[in-house]
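The next block holds one structure in the form of structure tokens; read it before the comments.
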Amino acid sequence: MSLDWYAIQTYSGSEQAVKRAIENLVQEYKIGDRLKEIVVPTEDIIEISKKSKNKVTAQSLYPGYVFIKVDLDTALWHKIQSLPKVSRFIGESKKPTPLGEADINHILEKVRNRAAPKPKISFESGEVVRIVEGPFANFTATVEEYDIEHRKLKLNVSIFGRNTPIEILYSQVEKIV
């Protein structure tokens, strides 16, 4: 038995549905010995609502892709290919090609060592933001640094014509559109 990693292209946003469909297929045809693992790499994203409540959601690192470690033959390939929301296997000349060891190790490393949740909104140096909470509420400021790990922004606020550096939580600012 030759277990190799393959990438399956799916409809974007349907990765978990495809994973469940493959698991159901494995149970239905009793081929659990041929499928070792199904991976949908995700990262945690913090969404900030207007009421300052943080909601952590999982977002796909590779939208539109599911990775499986399987002993693939033509019959199983066609069964998986015919599942709803599956576009195709990634490969050369319309045939599935196993992923390289370095590629899959890079993907699995991201799965095993999940980073701390990131905010849905990211900030760039030099970007102008509006402060919505705290003593500097309703001031506009320029982003100097963005510390993802500590969830803080270093900003330059103009107070009475002087630039004043401050450090503030990213949840206390909003982007100016």
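The values are calculated or read from the model by the stated rules, or taken from the named source; none is laboratory data. Note that this is a predicted model, so its numbers are computed, not measured. Every residue, glycine among them, receives a Cβ derived from its backbone with ideal geometry; neighbour counts consider all protein chains shown. With ligands, DNA and RNA removed, areas are computed over all heavy atoms of the protein, side chains included. Shrake-Rupley method; radii C 1.70, N 1.55, O 1.52, S 1.80 Å.
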Those aspartates and glutamates that a straight Cα-Cα span of less than 13 Å connects to residue 118, excepting residues fewer than 8 apart in one chain: 43, 44, 47, 147, 149
Round to the nearest 10 and report in Å² the accessible area of residue 149, as given by a 1.4 Å probe over the protein chains' heavy atoms. 150 Å²
Out of 138, 70, 165 - ranked by how far each Cα lies towards the positive end of the dipole of the stretch 70-177, with unit charges on the beta-carbon of charged residues - the top one is 70
Can you send over the solvent-accessible area of residue 20, 1.4 Å probe, protein chains only, in Å² to the nearest 10? 130 Å²
Calculated FRET value between residue 57 and residue 162, using beta carbons and R₀ = 35 Å, to 0.05: 0.30
Toy charge model, Lys and Arg Cβ at +1, Asp and Glu Cβ at -1: the stretch 85-177 dipole around Cα centroid in debye, rounded to 20, equals 520 debye
Hey, can you grab everything whose amide H is under 5 Å from the amide H of residue 14? Only 5+ residues off in sequence or another chain; H modelled, so Pro and N-termini drop out. 64
Relative contact order for the chain: what percent, with Cα pairs under 8 Å and sequence separation of 6 or more? 22 percent
Which entries of 36/85; 85/110; 79/120 show an alpha-carbon separation above 28 angstrom in the structure shown? 79/120
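Determine the per residue accessible area of the chain with all protein chains present and a 1.4 angstrom probe, expressed in square angstrom.
Values: 11260 Å² over 177 residues.
Per-residue accessible area for the chain comes out at 64 Å².
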Tell me the label-point distance for the pair residue 1, residue 151, using the 7 Å Cα-to-Cβ offset, in nm and rounded to one decimal. 4.4 nm
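Mind ranking 80, 31, 90 by accessible surface for me, highest first, 1.4 Å probe?
Details: 80 5, 31 25, 90 50 Å².
Ranking 80, 31, 90 by accessible area, largest first, yields 90, 31, 80.
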Any idea of residue 139's accessible area? Nearest 10 Å², probe 1.4 Å. 70 Å²
Which aspartates and glutamates does residue 95 reach when only Cα atoms under 12 Å apart count, and residues fewer than 8 places away in its own chain are ignored? 73
For residue 17 and residue 95, compute 0.36 nm times the residue count separating them, minus their Cα-Cα distance, and round to one decimal in nm. 25.8 nm
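Between residue 79 and residue 111, take the C-beta separation as r, use R0 = 22 Å, and let me know the FRET efficiency to the nearest 0.05. Spell out each step's value before the answer.
On the way: r = 25 Å, r/R0 = 1.14.
The pair residue 79/residue 111 has a calculated efficiency of 0.30.
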Residue 144: net charge of surrounding residues, Cβ under 13 Å, Lys/Arg +1, Asp/Glu -1, itself excluded? -3
Placing +1 at every Lys and Arg Cβ and -1 at every Asp and Glu Cβ, with all other atoms neutral, what dipole size does the chain have around its Cα centre, in debye to the nearest 20? 600 debye
Which one of 177, 105, 7 is farthest out on the positive end of the charge dipole of the chain, using unit charges on Cβ (Lys, Arg +1; Asp, Glu -1) and the Cα centre as origin? 177
Heavy-atom accessible area with a 1.4 angstrom probe orders 176, 68, most exposed first, as 176, 68
Among [x] 10.9; [y] 9.3; [z] 13.5, only one was calculated for this model; which label is it, if the read-out is mean projected area of the Cα convex hull in nm²? [z]
